[in-house]
1. Mind listing just one residue for me: the one in segment 53-64 that is touching a helix residue (DSSP H, G or I) at 6+ places or on another chain (Cβ under 9 Å) and open to solvent by 60 Å² or more (accessible area, probe 1.4 Å) and, of those, modelled with the highest pLDDT?
Amino acid sequence: MRASQSHCLNYVETQRDAIDDCIKAIKKNFSEMDFENAYERDTMEEITNQMVRVCTQAKSSLSDYTFS
């Protein structure tokens, strides 16, 4: 494998790890929130789930890269 291919793969893997860290932080922040009522909790849970879905899709799209 050429050095540039290795560098690119390393970069993609680093970004995938960063997305994992973001997902963990989003979930942690949600779990530490203090909600006023069930409506607020449900709304924030929906927003949190959407953010996690977007992050997961971004991470998945990075799997599509090949360097040959």
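The values are calculated or read from the model by the stated rules, or taken from the named source; none is laboratory data. What you see is a predicted model, and the numbers here were worked out from it, not measured in a lab. As a convention, Cβ positions derive from the backbone with ideal geometry for all residues, glycine included, and neighbour counts pool all protein chains shown. Surface areas here come from the heavy atoms of the whole protein model, side chains and all, with no ligands, DNA or RNA. Shrake-Rupley method; radii C 1.70, N 1.55, O 1.52, S 1.80 Å.
1. Per the stated criteria, the residue is T56.
Here's the yes/no breakdown for (1) in a loop (DSSP other than H, G, I, E, B); (2) open to solvent by less than 80 Å² (accessible area, probe 1.4 Å); (3) of a type in the set (A, V, I, L, M):
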{"residue": "F30", "(1), (2), (3)": "no, yes, no"}
{"residue": "E36", "(1), (2), (3)": "yes, no, no"}
{"residue": "M51", "(1), (2), (3)": "no, no, yes"}
{"residue": "T66", "(1), (2), (3)": "yes, no, no"}
